[in-house]
Amino acid sequence: MELKWLEDLAAVARLGHFARAAEARFVTQSALSRRIKALEQWAGAELVDRTEHPIRLTAAGTEFMSSASAIIKQAGEAQAAAANYARISERGITIACLHTLALNFLPQLVADLHRKIPPFEAAIVPETRTIEEYLYGLRNGTCDFFVCYNHAAIPFDVDVDDYPRLVISADRVLPFGNTEKFGGILDPASEQSIPLLDYGPTSIMSRVLRNVLDNAPFERRLRTVYRATLAESLATAAREGLGVAWLPESIAEHMRGDSGLDVISDDFSADLDIVIFSSRHNKRPSVRRVWDALSSENS
């Protein structure tokens, strides 16, 4: 049994609808349904009455939910207490972020903040998580901020009252590769097969890439030859001449050096916002100072 299954059931009970609960949990409806079914198998009883609209808990589900709610609350409190011990200091902050942003953007951001407000300790936690898990970390206090890319292809339909956000910078995704091997390969007149360095399906950037490539004139010529979750891995593969990768410009610029990591085309790109999220429930003074400094700079 997993804690997120209990939280899924709580969302279904609160919203009375699988689709809305899936949106609130940042998963697909089919994934949510599978998890609820797995919870029912673990519990040994049907917990949700699927014949009712709006959906309601069964008698067994109502009884189960009373205990499950306590478990969710206690788990959150325990995790938050443990997170306090993991902080560098009381005035320190913890920033969860995409791995790509941890390499260059976060050190620059923290250094810039140190020039504007009293210095603070920062713990950067670059992990591969779902949006649901990042927001859960904000809610239970295991992280103070979440920094990520934002694009129309990335669904961030979150409650802005609970999770305020700020756009703090921008980036751009462009096709990179070795121009000696792949220059002109994206031209509509070309018939050359395009070796694609692709993002793994769980990567946030995979959604951006699908949006860029959807209905591109060369779409039928794409052939995935390498796949990885991290943009840095794709950048190295592109630099080694394995194919063409759509990379955040900031990463490509940092890794380019003297080797063959060049912009293949200025077309078929995507503009990205860099966004920081917090939680309105986080009242720690050091967190408020950072948020206020970012708000004044980006207002």
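The values are calculated or read from the model by the stated rules, or taken from the named source; none is laboratory data. Owing to the predicted nature of the structure, the values given are computational and were not obtained by experimental measurement. Reconstructed Cβ throughout: ideal geometry from the backbone, glycine too, with neighbour counts over all protein chains shown. When the accessible area is computed, the model is the full protein with side chains, heavy atoms only, and any ligands, DNA or RNA have been set aside. Shrake-Rupley method; radii C 1.70, N 1.55, O 1.52, S 1.80 Å.
Observations on the model:
- Over the residues of the chain, the helix contribution to mean residue ellipticity at 222 nm works out to -13500 deg cm²/dmol, using -39500 (n - 2.57) for each DSSP H run of at least 4.
- Exposure of Glu240 as accessible area (Å², to 10), given a probe of 1.4 Å and all protein chains: 130
- One Cα centroid belongs to the range 172-231, the other to the range 1-44; the line between them spans 35 Å.
- Our summary gives the chain a relative contact order of 20 percent, counting only alpha carbon pairs under 8 angstrom and 6 or more residues apart.
- Accessible area of the chain belonging to carbon and sulfur atoms, whole % at 1.4 Å probe: 50
- Counting Lys and Arg as +1 and Asp and Glu as -1 over every other residue whose Cβ lies under 9 Å from the Cβ of Tyr149, the net charge comes to -2.
- The local environment of Ile276, defined by Cβ-Cβ distances under 11 Å, has a net charge of -1 under the rule Lys, Arg +1 and Asp, Glu -1.
- For the range 232-241, backbone phi angles converted through the Karplus equation (6.51, -1.76, 1.60; θ = phi - 60°) give residue-by-residue couplings of 5, 5, 5, 5, 5, 5, 5, 5, 7, x Hz, Gly and Pro being listed as x.
- In the range 181-292, the ratio of gyration radius to Kirkwood radius, Rg to Rh, stands at 1.10 when only Cα atoms are counted.
- Counting only residues at least eight positions apart within a chain, or on another chain, the lysines with an alpha carbon under 21 Å from that of Lys37 are Lys4.
- Volume per residue of the convex hull around the Cα atoms, evaluated for the chain, comes out as 154 Å³.
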